[in-house]
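Reviewing the structure listed below.
The values are calculated or read from the model by the stated rules, or taken from the named source; none is laboratory data. Because the structure is a prediction, the values reported are computed rather than measured. Because the Cβ atoms are built from the backbone with ideal geometry, glycine has one as well, and the counts that use them run over all protein chains shown. Heads up: the accessible areas ignore ligands, DNA and RNA and are worked out on the full protein's heavy atoms, side chains in. Shrake-Rupley method; radii C 1.70, N 1.55, O 1.52, S 1.80 Å.
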Amino acid sequence: MSTLPRALSRGIAAVSAAAVAVVIGWSAPAAADHTLPPNIPSESEARTQLDSLTVAPKGPQDGYDRSLFPHWNVVDSPCTARQVVLQRDGHDVVTDSRCQPTSGSWWSAFDDEWVEDVPGDISVDHLVPLSEAWKTGAADWSTSERADFANDVESSQLWLATPSSNGAKGDKDPSEWMPTNTSVHCDYVKSWIDVKHRYDLTITSTEKSSLNGTLDTAC
């Protein structure tokens, strides 16, 4: 299996313990802008990656538990992976002294919905679900490797999503579910392919056909 990438250290503004709240240091676009996760590949790169993936049936769900993928770990002290993503992809985000966002605006690409000022109302979704990863290679990883996957803020593995769209997606692959927001379909499948490629996860023949079809029609 290829070496798993380490979480990228992010340039989050240093937070003083005495501070009540700070505005994050990243330059945020206007709230009307739609922000996607970083490092989504080009169409041509995604096609090359897709052709290199191993096609195989999914493995069993046996033994899977979310606790085997320790997530929302601290990736840039004191900020957890979830807090990093809320700041990275949000707009006008304000945080407290523990790096927890207290207000801001967040766009859910899956259903083209905005969440305003209530961080608890926006989910951070694992694009390739943890159980999907388990069935396509991660069952053989170490706990440390699964933690790297679950807290990867440097790839496009973590997306903002409303709880309803996150719940509708569940652990489905793109042959079983696609976002209701059709304008994001191209980026969605390119991101899915890239994450599977980064972590040497397998895909089914149906999944590959669906990914190719979306690249042809949406990109």
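Most tightly packed first, judged by the mean number of other beta-carbon atoms within 10 Å of their residues, the peptides 52-59, 153-160 read 153-160, 52-59. Summing Cβ point charges (Lys, Arg +1; Asp, Glu -1) relative to the Cα centre of the chain gives a dipole of roughly 440 debye.
Rounded to two decimals, what ratio of Rg to Rh does region 143-219 give with C-alpha atoms and a Kirkwood Rh?
0.95
For region 170-212 versus region 111-168, the inter-centroid distance based on Cα atoms is 14 Å.
Counting heavy atoms of the protein chains alone, H197 has an accessible area of about 80 Å² for a 1.4 Å probe.
Rounded if a/c is under 1.5, else prolate if a/b is larger than b/c, else oblate: which is region 85-219, with a ≥ b ≥ c the root eigenvalues of its Cα gyration tensor?
Because a/c hits 1.5 or more and a/b fails to exceed b/c, region 85-219 counts as oblate.
Quick check for you: which residues of region 159-189 have the amide N under 11 Å from the point 7 Å beyond the Cα of R98 toward its beta carbon? So the set is empty, nothing qualifies.
Only protein atoms count toward the accessible area here, which uses a 1.4 Å probe; on the chain, the carbon and sulfur part of that area reaches 48 percent.
Scoring 33-39, 103-109 by mean Cβ neighbours within 10 Å over their residues and listing the highest first yields 103-109, 33-39.
Take 62-71, 210-219 and order them by the average number of nearby Cβ atoms within 10 Å per residue, most first; the result is 210-219, 62-71. Summing Lys and Arg as +1 and Asp and Glu as -1 over all other residues whose Cβ lies under 14 Å from the Cβ of T143 gives a net charge of -2. In summary, the lysines within cross-link reach of K190, defined as a Cα separation below 20 angstrom excluding same-chain residues under 8 places away, comprise K169, K172, K208. Can you compute the FRET efficiency between T217 and K172 using 1/(1 + (r/R0)^6), with r the Cβ-Cβ distance and R0 = 30 Å? Round to the nearest 0.05. With a Förster radius of 30 Å, E is 0.95.
Share of Cα-Cα pairs in region 95-169 beyond 15 Å, in percent? More than 15 Å apart: 61 percent of the Cα pairs in region 95-169.
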